[in-house]
Amino acid sequence: MDGPGGLEERWRAELAQWGIPDEIAARAPADPWEHSPARFAGRTDRALADPEGPTLARIAEALPDNGDVLDVGAGTGAASLPLARLGGGGAPGDGRGTLGGLVAVDTSEAMLAALVSRAEALDVPVRTIRGRWPDVAGRTPAADVAVAAHVVYNVPDLADFLTALTGHARRRVVLELPYRHPMSWLNPLWAHFHGIIRPERPTADDVAAIAERLGYGVRRQERPAPLSRFADVEELAESACRRLCLDPARAEEVVAAVAELDMWPVPRDHWVTLWWDLP
Ligand SMILES: C[S@@+](CC[C@H](N)C(=O)[O-])C[C@H]1O[C@@H](n2cnc3c(N)ncnc32)[C@H](O)[C@@H]1O
């Protein structure tokens with residue numbers, strides 16, 4: 001299984017295990033996979049208020065003054081826009097370039113619109129490209145640093161995704177991802193409401209292994225997620241209803257199950273930053 005292409009095949013197969021059974025998905029009142037632009041905008045605004053963390057540091061240290069960043073699966077810009085708040089001005093080579101421009105790629109028009117309004121407020125020149133990476137790679141310019149934060153668990157063809165990302169970076173590629181699949185916190189609720197045992201894999205180790213297989217000199221840093229996932233249990237229940245394909249009217253049942261299963265507060269995810277430099 002781990003021969004040439006084996007890791008990539010295993011990634012694809014294990015990701016497919018996260019699919020929602022057709023009979024459950026058919027009854028879903030709302031798209032169970034949808035990301036809320038408002039929720040991600042809140043995350044970006046918190047990151048702008050407190051720009052910190054290893055992902056930002058690894059991007060900043062590879063960025064020249066007035067450098068540009070390609071943010072793939074940019075959402076509302078949480079991984080890249082806070083660079084504008086870091087300021088540069090370090091000695092040459094000590095790592096602290098300034099953000100001269102941003103190219104943001106995303107499949108979601110609403111996410112990109114929220115990103116553009118924030119980029120304008122920060123005076124960051126931005127170009128948006130709506131579409132799926134790597135399908136849109138051919139019409140995307142290269143940048144000093146390419147970043148993809150919290151995207152790879154959406155990507156079955158990971159080797160193609162990473163190869164195109166690396167092909168668009170002049171200096172460095174940076175990924176940020178939770179150690180486990182971002183829907184893992186819901187696993188006890190899937191068992192409770194649907195009698196379904198969700199997978200344990202793939203993990204960030206698999207992403208690192210695939211990148212190494214592609215020949216990249218992968219380095220790694222980890223930390224607990226800086227933010228808790230939900231402000232309160234009602235917010236959790238609203239999100240869980242959507243993810244579990246339940247009618248929103250069942251939110252109180254979810255709250256009761258969360259208490260019974262001792263799921264509150266939800267433990268913080270473990271975030272992993274992976275990066276590699278271009279020769
Ligand atoms: C979980 S959000 C992360 C957003 C942002 N990077 C952050 O860290 O807050 C994932 C984003 O990637 C986008 N996305 C997922 N797969 C994509 C792909 N193959 N190409 C482009 N965008 C993608 C989604 O539309 C969504 O906005």
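What follows draws every value from the coordinates through simple rules; no lab data is involved. The shown structure was predicted, so the numbers you read here are calculated from the model rather than taken from an experiment. Every residue, glycine as well, gets a Cβ built from its backbone with ideal geometry; the counts of neighbours run over all protein chains shown.
Mind listing whichever residues of segment 44-59 are outside any loop (DSSP other than H, G, I, E, B), of a type in the set (D, E, K, R) and away from the ligand (no atom under 13 Å from the Cβ)?
58
For residues that are out of contact with any helix residue (DSSP H, G or I) (no Cβ under 7 Å at 6 or more places or on another chain) and over 17 Å from residue 80 (Cα atoms), scanning just segment 123-148, find the one that is nearest to the ligand (Cβ to nearest atom).
This residue is 132.
Is it fair to say residue 41 is in a strand (DSSP E or B), within 11 Å of the ligand (Cβ to nearest atom) and hydrophobic (A, V, I, L, M, F, W, C)?
Judged against the criteria, residue 41 is not a match.
What's the number of the condition residue 163 fails, among (1) within 14 Å of the ligand (Cβ to nearest atom); (2) surrounded by 18 or more Cβ atoms within 10 Å (Cβ to Cβ)?
(2)
For the list (1) assigned to a helix (DSSP H, G or I); (2) crowded, with 19+ Cβ neighbours inside 10 Å; (3) not hydrophobic (A, V, I, L, M, F, W, C), I need the number of the one condition that residue 212 fails.
Condition (2) is where residue 212 drops out.
I'm told residue 206 meets every condition in (1) surrounded by fewer than 17 Cβ atoms within 10 Å (Cβ to Cβ); (2) within 20 Å of residue 8 (Cα to Cα) except one. Can you identify the failing condition by its number?
(1)
List pairs: first in segment 71-83 and within 12 Å of residue 40 (Cβ to Cβ) and in contact (Cβ under 8 Å) with a residue 12 or more places away in the chain, second acidic (Asp, Glu) and not in a loop (DSSP other than H, G, I, E, B), Cβ under 8 Å, 6+ apart or cross-chain?
Qualifying pairs under 8 Å: 73/106; 74/106; 75/106; 77/71; 79/71; 79/176.
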